[in-house]
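Please treat every number below as a calculation from the coordinates, not as lab data. Predicted, not measured: the structure shown is a model, and the values here were computed from it. Quick reminder, even Gly has a Cβ in these numbers, built from the backbone with ideal geometry, and neighbours come from all protein chains shown.
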Amino acid sequence: MNQFLVESILGLLCGLFLGTTGIAPTGIALAALDLLKIGDYKSNLGAILFLNLFPISLGSVYDFYKSKQINFSLGTILLLTIMLGSFIGSKFVAGDKAILSTKMIKYITSFTGFLLGIVFLYSAYYEKN
């Protein structure tokens with residue numbers, strides 16, 4: 001029961017983050033699960049990918065649709081190419097022929113997160129408001 005409650009609160013917080021920033025909360029959820037020692041890393045990674053099968057941002061998308069702030073052609077191109085890239089990327093991590101260790105996946109994820117942080121800090125600093 002306690003783990004269910006922790007996972008539910010984590011999901012709610014991640015959903016709030018998604019609706020507020022538009023950045024998929026998968027990295028936050030994966031890091032939190034790892035820090036809280038819930039499941040093993042690759043199993044949690046699979047759960048996060050399972051989460052992405054569902055339209056988790058449907059509520060947010062509806063609000064953006066109502067205010068006519070969606071570029072459907074860009075969204076479609078990104079959707080299809082991300083699906084392809086995700087399929088190719090999973091070959092490096094899952095299954096008997098996995099090339100990347102859990103440690104290497106964590107290094108890649110942390111470096112990517114660090115670079116994203118730098119990009120958003122730079123962008124926010126030069127924002128004209």
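Just to be sure before I move on: is Ile9 surrounded by 11 or more Cβ atoms within 10 Å (Cβ to Cβ), closer than 26 Å to Gly117 by Cβ, out of contact with any Leu (no Cβ under 8 Å at 6 or more places or on another chain) and hydrophobic (A, V, I, L, M, F, W, C) in the structure I sent? Yes, satisfied.
Within region 79-97, which residues are without any contact (Cβ under 8 Å) to a residue 24 or more places away in the chain and closer than 18 Å to Ile48 by Cα? Hits for region 79-97 are Leu79, Ile82, Met83, Leu84, Gly85, Phe87, Ile88, Gly89, Lys91, Phe92, Gly95. Count of region 11-32 residues, restricted to those that are more than 9 Å from the chain's Cα centre (by Cα) and small (Gly, Ala, Ser), is 6. Among the residues of region 108-128, is any closer than 24 Å to Leu10 by Cα, in contact with a helix residue (DSSP H, G or I) (Cβ under 7 Å, 6 or more places away or on another chain) and either without any contact (Cβ under 8 Å) to a residue 60 or more places away in the chain or surrounded by 12 or more Cβ atoms within 10 Å (Cβ to Cβ) (or both)? Yes: one or more hits.
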